[in-house]
Each structure stands twice: as structure tokens, then as C-alpha cells.
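Worksheet: the structure to be examined is printed underneath.
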Amino acid sequence: MTGADALPAYRVWALPGMPEVRPGDDLVKLIADAATAPGLPGLADGDVLVVTSKIVSKAEGRVVEAADRETAIDAETVRVVARRGPARIVESRHGFVMAAAGVDASNTPAGTVLLLPEDPDASARRIREGLRDLLGVTVGIVVTDTFGRPWRVGQTDVAIGAAGVRVLEDLRGGTDMYGNPLGVTVTAVGDELAGAGELVKGKADGLPVAVVRGLPQHVLWDSPGEGSGETGARALVRAAADDMFRLGVSEAVREAVTLRRTVREFTGEPVDGAAVRRAVTAAVTAPAPHHTTPWRFVLLESAASRTRLLDAMREAWTADLRADGRSEESIAKRIRRGEVLRNAPYLVVPCLVTEGAHDYPDARRSAAEREMFVVAAGAGVQNLLVALAGEGLGSAWVSSTMFCRGVVREALELPGDWDPMGAVAVGRAAVPPRARPPRPAEDFTVVR
């Protein structure tokens, strides 16, 4: 071939003549009849059929009565990702992150809603195998639904089910036209085919199936099974562990607060100081009186500084306990209880600085003034702990430095007006946290 015939190209057309699909209909026969109608090119080996999930759901009887769409969304949801007013982005039980779990109140009779297919990949396989049996052609199938996308305006169709299509093209390890190595390029072929089909199907034109011809390189010719390369559209769903944007803002805050647990056993893995500094950046956004900045955070990154501090504190605690008349056995037990700081690979000593506090002539107001700064320090420490949890770091706030402030200041060479407000042990948790008993808000709330 020469000229235009040699250029990379494909054709895509919608199938006219598809009737309204109802529960129990033979969807394969309806598609086959539409594709082989007079005047159409028919189907050929290597074609890809792009099928709107709505007709798959209808044929499979996924139409349910629901006076309240929200109830149906709840039933299909495993996790709320983000919420703004009544709108919800959720993770469906299929693993898709999408608006309203794919529950659709349009294109269905009043008083009913349409759910996504039970298993979209299995649905795609049935259509593919049915067309092979009926027409003798080997085609790929992509079942689609409409998604919004983060950071992008508008919606597009994506693949939620697939059969006979290699939905991902992994180009990593290859090179570009300049010889540069490709390190991260994995093309979402399934979604690109879904978008190509949507351009001719439309949303309200009654054209739920499109045919893409000219891209046989993306079609799998073997039957599903080991070695075929068959993955289904599930391969397009990013694993939670790899999802850097798993939560909305308020949900991320709530999850970080929930993740903030006291960790007393740490692995030996070193702590990234940059992560702690990012947590400090969050800590100093806490509220404070009189537009002051009453927080200082001493980061003990060297083992020598941690040992120097903890040895000095241990001597001070031991002396205090002996002065209290404690037995040596009791003293040893209490010292061991505080070893969580010694076992941590990183320590932070938050300090309170009351610079900017107002002077009052009476003790009552002076005490209240200091209490305001102490509350601000606590808010800063809480911000720090939550931010550390967001960085994947465990922590434990221990109050012990508050009982030997002078010793801490001397060991760390701190200014005399820096008031140590406990110490925070930081590291990777060695064991999963124990289940936390529920704390209903009603138990801690009084409404007047």
C-alpha cells in the first residue's frame, strides 16, 4: 500500500437498530442482528465492540425498584472517597471509584434504578463467546460506563469490563523515537477504546454499541485462560496501596485522625527526616493566642542526642522515685515503662514558648493566659501526630520530659524559656495497632 492507505488508521461506527433492551433479553442475538443488518459492514475477526453497560445491566436484570436512589447507592458502596453536599464519590463493590457507585436513575422506568453489571468482565466474556458461536468471528469486547476524572472537567467513557482485549499496553523497558528509555508508560488501551466508541454512540441517541475496526493488535485471539494475556478491565483499577489520591479532603483528615494511634513498638527502619519536617509544617498551623507562634520542635535525628537525653532523664526519674521512697524493683519497673522513647529510631521534643503572652497583675488572669498557650501547644502536638500518621509513621506522645524540664533543656542545650512539653517517639510500627473501642460522640457531648 502507498499513500493514505499506508497511514495508521482505524474506523469506528455505531450500530443502528438496537431495540430497547429488557430484562431477560438475549443481548448477544440483539447485537448480532444489529451488526449484520443490510447496508452495514458486519463483523470481522479483530474488531472490538464497545458496549454501553446500561444495556448489559438491563439484559441481566440489574433493574431494581428504589424509591430512594441514595439507598441503592449505599448498598453498592464499600467506601466513601469524597463528599460535597449530596454528591458522593465512592468506591463501588467492584473496586471502581466513581460518582454514586454507578447507580443510574436515567434510562430506566420511574421508581427504578439501574445498577452496574454484577461482574462486567464476565458479561464481556459471555458476549464475546456468544458472538463467536453465533457469527464465527473473534472479536474483543469492552463494556463501558461514564466516569468523571480528577483534575479534569467533563466526563468520558471508560472500560469497566473487557474480554478478548489487552486493556493495558506496557511500554516500559522500550525506548522513544530519540532512544530515551520509557520507564513509566503504560497505555490504558481499554479506556481509549471506550472513549473512541463513545464519540459515535452519544449519550441520548439510542446507539449503545459501537464497532472499532483496524486495531487487531489489541485483540487477544486465544480463549481466556493461562497464557492468553486475558485480564479483563479489573487490571485498569489501581490498587489502593498505589493510589496517592485515595481520599477527598475531609475523608483524608478523618482517616488520618483515625490512623493516629499510640505506637509503642517500632521496627529498626530509619525515619525520613523530611517526612517529619512536613509534619512539623502541619503542626505549626494550629491555632494560637494573640497571633503568636508558641511552638518549637527539637528533632533528635542522631542516636547520640537521643541517648544523651534519655540517659539524663533516666537519672532524674530515678532520683525522684528514690526520693518518693519507691523500692528499687518499683523504680526499675517504672523506668522500663518509659523505654518506648529509647526504642524509637527518632524523637521529637515539642517545646512551648510563651513569647507574646500578656502580663496581668493578678494570678487568676496570669494562669489563664498560660493555659491558652498550653492549649495551643497541645493543638500543635496533635497536628504533628496526625500529620505523622498521614506520612505512614507511627508515634507515641510521652509526657515524661515535663517532669524534668531543666534536665531536658540542659541535655539539649535549649534556651531557658523553651518549655519541653513531653516527647514524641516516631518510627514504623512493628505490630498492627489493637482495635480501638468505639467512642460515640454522644458519650462526650452535652447539648444546651
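In this entry, Asp311 passes the filter for residues that are part of a helix (DSSP H, G or I) and surrounded by fewer than 13 Cβ atoms within 10 Å (Cβ to Cβ). When Val64 is tested against the conditions (1) among the aliphatic types (A, V, I, L, M); (2) touching a Ser or Thr at 6+ places or on another chain (Cβ under 8 Å); (3) open to solvent by 20 Å² or more (accessible area, probe 1.4 Å); (4) in a loop (DSSP other than H, G, I, E, B), the lone failure is (4).
Is there a residue being surrounded by fewer than 17 Cβ atoms within 10 Å (Cβ to Cβ), at pLDDT below 80 and closer than 18 Å to Ala387 by Cβ anywhere in region 261-284? Among the residues of region 261-284, not one is surrounded by fewer than 17 Cβ atoms within 10 Å (Cβ to Cβ), at pLDDT below 80 and closer than 18 Å to Ala387 by Cβ, which makes the answer no. For the residues Arg126, Arg172, Arg166, the requirement of being at pLDDT below 95, among the basic types (Lys, Arg) and touching a helix residue (DSSP H, G or I) at 6+ places or on another chain (Cβ under 8 Å) singles out Arg166. Being open to solvent by 80 Å² or more (accessible area, probe 1.4 Å), assigned to a loop (DSSP other than H, G, I, E, B), of a type in the set (Asp, Glu) and modelled with pLDDT under 95: is that true of Glu329 here? For Glu329, the condition - open to solvent by 80 Å² or more (accessible area, probe 1.4 Å), assigned to a loop (DSSP other than H, G, I, E, B), of a type in the set (Asp, Glu) and modelled with pLDDT under 95 - is not met. Looking at region 251-284 only, could you name the residues that are of a type in the set (A, V, I, L, M, F, W, C) and part of a helix (DSSP H, G or I)? Once the filter is applied, which keeps residues that are of a type in the set (A, V, I, L, M, F, W, C) and part of a helix (DSSP H, G or I), region 251-284 yields Ala252, Val253, Ala256, Val257, Leu259, Ala274, Ala275, Val276, Ala279, Val280, Ala282, Ala283. Glu442 versus (1) touching a residue at least 24 places away in the same chain (Cβ under 8 Å); (2) more than 25 Å from Ala279 (Cβ to Cβ): which is the lone unmet condition? With respect to (1) touching a residue at least 24 places away in the same chain (Cβ under 8 Å); (2) more than 25 Å from Ala279 (Cβ to Cβ), Glu442 is out only on (1).
Taking the numbered list (1) part of a helix (DSSP H, G or I); (2) open to solvent by 90 Å² or more (accessible area, probe 1.4 Å); (3) not hydroxyl-bearing (Ser, Thr, Tyr) in turn, Pro287 passes all entries but (1). Checking the stated criteria, Glu355 turns out to be of a type in the set (Asp, Glu) and closer than 24 Å to Pro287 by Cβ. Among the residues of this structure, Val50 counts as one that is more than 30 Å from Val253 (Cβ to Cβ) and either over 37 Å from the mean Cα position of the chain (by Cα) or not in a loop (DSSP other than H, G, I, E, B) (or both). Ala72 falls short on exactly one of the conditions (1) open to solvent by 60 Å² or more (accessible area, probe 1.4 Å); (2) small (Gly, Ala, Ser); (3) farther than 26 Å from Leu199 by Cβ, and that condition is (1). Please indicate, with yes or no, whether at least one residue in region 70-88 is small (Gly, Ala, Ser) and touching a Lys or Arg at 6+ places or on another chain (Cβ under 8 Å). The answer is yes; a qualifying residue exists.
One line per residue, one yes/no per condition, for (1) out of contact with any strand residue (DSSP E or B) (no Cβ under 7 Å at 6 or more places or on another chain); (2) closer than 26 Å to Ala239 by Cβ:
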site	(1), (2)
Arg69	no, no
Arg84	yes, yes
Val90	no, yes
Gly95	yes, yes
Ser106	yes, no
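Are any of the residues in region 34-45 open to solvent by 60 Å² or more (accessible area, probe 1.4 Å), assigned to a loop (DSSP other than H, G, I, E, B), free of Cβ contacts under 8 Å to residues at least 24 places away in the same chain and within 30 Å of Val253 (Cβ to Cβ)? For region 34-45, residues open to solvent by 60 Å² or more (accessible area, probe 1.4 Å), assigned to a loop (DSSP other than H, G, I, E, B), free of Cβ contacts under 8 Å to residues at least 24 places away in the same chain and within 30 Å of Val253 (Cβ to Cβ): absent.
Ala105 meets all of the listed conditions (1) open to solvent by less than 20 Å² (accessible area, probe 1.4 Å); (2) free of Cβ contacts under 8 Å to residues at least 60 places away in the same chain but one, namely (1).
Yes or no, residue by residue, for (1) open to solvent by less than 30 Å² (accessible area, probe 1.4 Å); (2) in a helix (DSSP H, G or I); (3) at pLDDT below 90:
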{"site": "Asp157", "(1), (2), (3)": "yes, no, no"}
{"site": "Asp191", "(1), (2), (3)": "no, yes, no"}
{"site": "Ala196", "(1), (2), (3)": "yes, yes, no"}
{"site": "Ala204", "(1), (2), (3)": "no, no, yes"}
{"site": "Glu226", "(1), (2), (3)": "no, no, yes"}
{"site": "Arg234", "(1), (2), (3)": "no, yes, no"}
{"site": "Leu247", "(1), (2), (3)": "no, no, yes"}
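Kindly indicate the residue of region 46-56 that is open to solvent by 10 Å² or more (accessible area, probe 1.4 Å) and of a type outside the set (A, V, I, L, M, F, W, C) and also nearest to Ala194 (Cα to Cα) among those meeting that condition.
Of the residues in region 46-56, the ones open to solvent by 10 Å² or more (accessible area, probe 1.4 Å) are 52, 54-55.
The next check asks that each one be of a type outside the set (A, V, I, L, M, F, W, C); those that pass are 52, 54.
Values: Thr52: 9, Lys54: 14 Å.
Restricting to residues being open to solvent by 10 Å² or more (accessible area, probe 1.4 Å) and of a type outside the set (A, V, I, L, M, F, W, C), the top hit is Thr52.
With modelled with pLDDT of 90 or more and acidic (Asp, Glu) as the only criterion, which of Asp25, Asp5 stands out? Criteria check complete, one pass: Asp25.
The values are calculated or read from the model by the stated rules, or taken from the named source; none is laboratory data. Since the model is a prediction, treat every value here as computed from it, not as a measurement. Glycine also receives a Cβ, built like all others from the backbone with ideal geometry; neighbour counts cover every protein chain displayed. For accessibility, only protein heavy atoms count, side chains too; no ligands or nucleic acids. Shrake-Rupley method; radii C 1.70, N 1.55, O 1.52, S 1.80 Å.
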